[in-house]
1. Consider Asp72 carefully, then state whether it is of a type outside the set (Lys, Arg), out of contact with any Leu (no Cβ under 8 Å at 6 or more places or on another chain), surrounded by 15 or more Cβ atoms within 10 Å (Cβ to Cβ) and modelled with pLDDT of 75 or more.
2. Restricting to the stretch 50-69, and then to whatever is within 14 Å of Ala40 (Cβ to Cβ) and in contact with a Phe, Trp or Tyr (Cβ under 8 Å, 6 or more places away or on another chain), can you tell me which residue is most open to solvent (accessible area, probe 1.4 Å)?
3. Going by the conditions given, is Leu78 surrounded by fewer than 16 Cβ atoms within 10 Å (Cβ to Cβ), over 21 Å from the mean Cα position of the chain (by Cα) and either of a type in the set (A, V, I, L, M, F, W, C) or in a strand (DSSP E or B) (or both)?
4. Restricting attention to the stretch 41-68, which residues are among the polar types (S, T, N, Q) and in a strand (DSSP E or B)?
5. Could you please let me know if Val105 is modelled with pLDDT of 90 or more and open to solvent by 60 Å² or more (accessible area, probe 1.4 Å)?
6. Just checking, which of Asp38, Asp21 is more than 23 Å from the chain's Cα centre (by Cα), modelled with pLDDT of 90 or more and not in a strand (DSSP E or B)?
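The values are calculated or read from the model by the stated rules, or taken from the named source; none is laboratory data. Everything numeric in this text was worked out from a predicted model, so none of it was measured. Cβ coordinates were reconstructed from backbone atoms using ideal geometry, including for glycine residues, and neighbour counts include every protein chain displayed. The area values use the complete protein model at the heavy-atom level, side chains included, leaving out ligands, DNA and RNA. Shrake-Rupley method; radii C 1.70, N 1.55, O 1.52, S 1.80 Å.
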Amino acid sequence: MSVLIFQVACRGWIEKPIVPDAGTAVPHRGILRVTKTDGAVITLRDSFITNDSIVGFLADEPLRRATVARNDVTKIELRGDTTPHAVRVAGKAYVGVVLGLIVAVMVTGIMLGVASKRSH
């Protein structure tokens, strides 16, 4: 449970560079936060970045589609994991060791139980 809380707590907004038009639409399944030149912030889900605009559904109104011209955008941010890579690796190693120890203790207990039944 604490690992789940830790993972949720370490999610934040990661700025994505605004790249020149590549001629293809790039889909984003997650949530995008778009900051416009006038300071307005729009949060989109299931969006596409096309050659001239960013199109998606408003995060707080799921049935309402929104479009923002790329010329009007100053910043694009993705919702993602902001935990440093080394911390994620260490956390996974720790969980793996703990699970391995739990399995070892359970197997040892089962084997001792089987051995004690055979000695009687």
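1. Considered against the rule, which asks whether it is of a type outside the set (Lys, Arg), out of contact with any Leu (no Cβ under 8 Å at 6 or more places or on another chain), surrounded by 15 or more Cβ atoms within 10 Å (Cβ to Cβ) and modelled with pLDDT of 75 or more, Asp72 comes out as no.
2. So the residue we want is Ala66.
3. The answer is no for Leu78.
4. Within the stretch 41-68, Thr43, Ser47, Ser53, Thr67 meet the criteria.
5. Against the criterion (modelled with pLDDT of 90 or more and open to solvent by 60 Å² or more (accessible area, probe 1.4 Å)), Val105 qualifies.
6. The unique qualifying residue is Asp38.
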